[in-house]
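Reviewing the structure listed below.
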Amino acid sequence: MELTYTNAGGESITLKQSRPYFLTKIDGTGNIRQTVNTFKAPEQDGAFYISSTLDMRNITLEGTVIADTPDETYMRRKQFLQIFNPKLRGTLLYRGWQISCVVEEAGFTVSTRQRIPKFFVSLLCPSPFFEMPDEVREELASWIPLFEFELEIPESGMEFGMRQPSQIITVDNIGDVSCGCEIVFRALGTVTNPELLNMDTGEYIRLLTTMSAGDELRVYTHFAGKRVVRIDGSTVTNVFSLLDTNSAFFQLAAGHNTLRYDASVNMELLEVSIYYRPQFLGV
């Protein structure tokens with residue numbers, strides 16, 4: 001049983017079953033509640049089901065501070081409260097999965113017999129889902145390198161790269177629920193109206209613009225984080241106006257998703273990548 005909490009300031013603390021912060025209990029990582037919305041008509045038996053949404057997740061931590069001297073105990077307590085700062089958001093890493101959270105409560109109690117400080121932390125997670133720490137990257141359209149070192153070029157010549165032959169790729173979302181993604185369009189030359197189609201739902205994202213060589217456009221489909229930007233070196237520009245009005249910020253469903261990229265002009269000069277983090281209901 002081991003976990004690491006990192007606050008927005010970059011400070012982190014590890015709690016496990018060893019000194020100085022001996023973790024004795026963690027609760028809330030495997031269960032989650034939901035709110036069910038229903039409608040009841042006059043004289044109706046039961047009710048009509050409308051929808052349901054998951055509530056925020058509450059994770060609680062309990063343990064003790066183990067130190068050799070009172071001064072060390074005081075220093076450990078001070079460091080503990082400094083890192084579990086309720087003014088800073090944070091990330092909890094547990095069993096290889098992470099979840100964003102905010103400190104609802106952090107404090108200590110002292111046993112009158114043993115004088116050993118016991119800590120208690122309550123973390124509130126606005127999004128109830130655990131995520132993979134690293135994003136998954138899928139290449140829909142890219143160039144595959146065909147050479148490696150040591151390099152010897154024959155007299156007949158050789159291919160240095162090969163274009164991926166298919167416009168269609170299957171993305172496997174291994175999470176328990178659907179998730180948003182980041183779609184990156186890169187132009188190797190002049191490309192007009194790049195788009196990405198979800199063949200399972202018929203939803204698509206199309207940008208009404210002409211891209212030049214080196215241009216990069218990114219579309220974010222995350223809930224409460226939808227945006228379209230142009231990347232030029234370190235400069236990020238909002239280009240939401242380029243979005244086709246019939247476009248949809250589609251999510252990647254749990255399981256297999258069949259995606260197809262396209263462009264009105266010079267599709268072969270378009271590179272498309274997708275970044276996403278699978279989400280899980282518990283660990």
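A few notes on this one:
- Matching residues in the range 236-264 - criterion: being polar (S, T, N, Q) and under 23 Å from the mean Cα position of the chain (by Cα): T237, N238, S247, Q251, N257, T258
- Residue that is modelled with the lowest pLDDT, among those in the range 97-137 that are hydroxyl-bearing (S, T, Y) and in a loop (DSSP other than H, G, I, E, B): T112
- Filtering L217, L207, L140, L197 for residues that are surrounded by 14 or more Cβ atoms within 10 Å (Cβ to Cβ), modelled with pLDDT under 85 and within 22 Å of L252 (Cα to Cα) leaves a single hit, L140.
- Residues that are in contact (Cβ under 8 Å) with a residue 24 or more places away in the chain and over 30 Å from the mean Cα position of the chain (by Cα), drawn from the range 42-65: T64, V65
- Meets criteria (part of a loop (DSSP other than H, G, I, E, B) and either within 24 Å of the chain's Cα centre (by Cα) or closer than 26 Å to W97 by Cβ (or both)) for G175: yes
- Count of residues meeting criterion [within 30 Å of D172 (Cα to Cα) and of a type in the set (V, I, T)] in the range 233-252: 3
- Residue within the range 265-274 that is outside any strand (DSSP E or B), surrounded by 17 or more Cβ atoms within 10 Å (Cβ to Cβ), under 17 Å from the mean Cα position of the chain (by Cα) and among the hydrophobic types (A, V, I, L, M, F, W, C) present: no
- When we screen A106, A67 for residues that are among the small types (G, A, S) and out of contact with any strand residue (DSSP E or B) (no Cβ under 6 Å at 6 or more places or on another chain), the only hit is A67.
- Complete set of residues in the range 1-33 that are surrounded by 11 or more Cβ atoms within 10 Å (Cβ to Cβ) and among the polar types (S, T, N, Q): T4, T6, N7, S12, T14, Q17, S18, T24, T29
- From the options F249, F185, residue that is surrounded by 14 or more Cβ atoms within 10 Å (Cβ to Cβ) and not in a strand (DSSP E or B): F249
- When restricted to residues that are assigned to a helix (DSSP H, G or I) and surrounded by 10 or more Cβ atoms within 10 Å (Cβ to Cβ), the range 43-77 contains 6.
- Selection within the range 163-172 - modelled with pLDDT of 55 or more and either surrounded by fewer than 16 Cβ atoms within 10 Å (Cβ to Cβ) or assigned to a loop (DSSP other than H, G, I, E, B) (or both): Q164, S166, Q167, I168, T170, D172
- Among the numbered conditions (1) farther than 20 Å from G282 by Cβ; (2) small (G, A, S); (3) not in a strand (DSSP E or B), the only one that G30 does not meet is (1).
- Summed over the range 79-95, residues that are within 17 Å of T14 (Cβ to Cβ) and surrounded by fewer than 14 Cβ atoms within 10 Å (Cβ to Cβ) total 2.
The values are calculated or read from the model by the stated rules, or taken from the named source; none is laboratory data. Keep in mind that this is a model prediction, so the values were computed, not measured. Please note: Cβ atoms are built from the backbone with ideal geometry, for glycine as well, and neighbour counts cover all protein chains shown.
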